[in-house]
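The values are calculated or read from the model by the stated rules, or taken from the named source; none is laboratory data. Everything quoted here is computed from the prediction, not taken from an experiment. Glycine also receives a Cβ, built like all others from the backbone with ideal geometry; neighbour counts cover every protein chain displayed.
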Amino acid sequence: MAESAAAPHPAPHSGGAEVTKRDFLKLVAGAGAAVGVGAIVWPMIDSMNPAADVLALSSTTVDLSPIVAGQAITVVWRGKPVFVRHRTPTEIEEARAADKLRLPDPATDASRVKPGHDQWLIVVGICTHLGCVPLGNRSTEVRGEYGGWFCPCHGSEYDTSGRVRRGPAPANLPVPPYAFEGDTKIKIG
Ligand code: FES
């Protein structure tokens, strides 16, 4: 960034205009890289996909015990980011209260979690609009008005049940197939 603020110093054998042009190109490339960070996350994850025969068998086991209420982690399952969120009692209440509202993609909160494990919400972390990875899995990230996740690409907002509440996303964050193996362990896939 310091480069962009400093005046260019022409090399003895090159014209000032040439150096300025070169620096401008460097700046443009820098700006492109900054804007592109969000967009390249998904293709990078996707490119780590194993072969199809491995995919067919793959599953991901997650130890839930270190995840405290209010916290979430991201794990990779079949090359996709999956959000594993330990919801607080307030977040569960908010999700249940919204069951009665007219939702863009109607689903009750209970239908999106496992019975007896209301505090755990497991969703595929890919925006259903155009595939960006929404923000909000880290507590320091913006979560949007509904307290779930916020997609910075076009402003879709998801609630604490992973249901879309606002923006162009047409559907809720999908719940992947998973099962509890004891109270503090899940197997996704
Ligand atoms: S990709 Fe998320 S709102 Fe467009």
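Quick check: is even one residue across segment 57-66 of a type in the set (A, V, I, L, M), modelled with pLDDT of 95 or more and under 14 Å from GLY162 (Cβ atoms)?
Checked against the condition, which is being of a type in the set (A, V, I, L, M), modelled with pLDDT of 95 or more and under 14 Å from GLY162 (Cβ atoms), segment 57-66 yields no hits at all.
Only residues in segment 151-165 that are touching a residue at least 12 places away in the same chain (Cβ under 8 Å) and assigned by TED's automatic domain parsing to the domain that holds ARG96 count as the first member; pair them with residues that are near the ligand (Cβ under 6 Å from one of its atoms) and aliphatic (A, V, I, L, M), Cβ under 6 angstrom, at least 6 apart or cross-chain, and list the lot.
Cβ pairs passing all conditions: SER156/ALA169.
Only residues that are among the polar types (S, T, N, Q) and either within 14 Å of the ligand (Cβ to nearest atom) or more than 16 Å from LEU103 (Cα to Cα) (or both): list them for segment 115-170, please.
Matches in segment 115-170: GLN119, THR128, ASN137, SER139, THR140, SER156.
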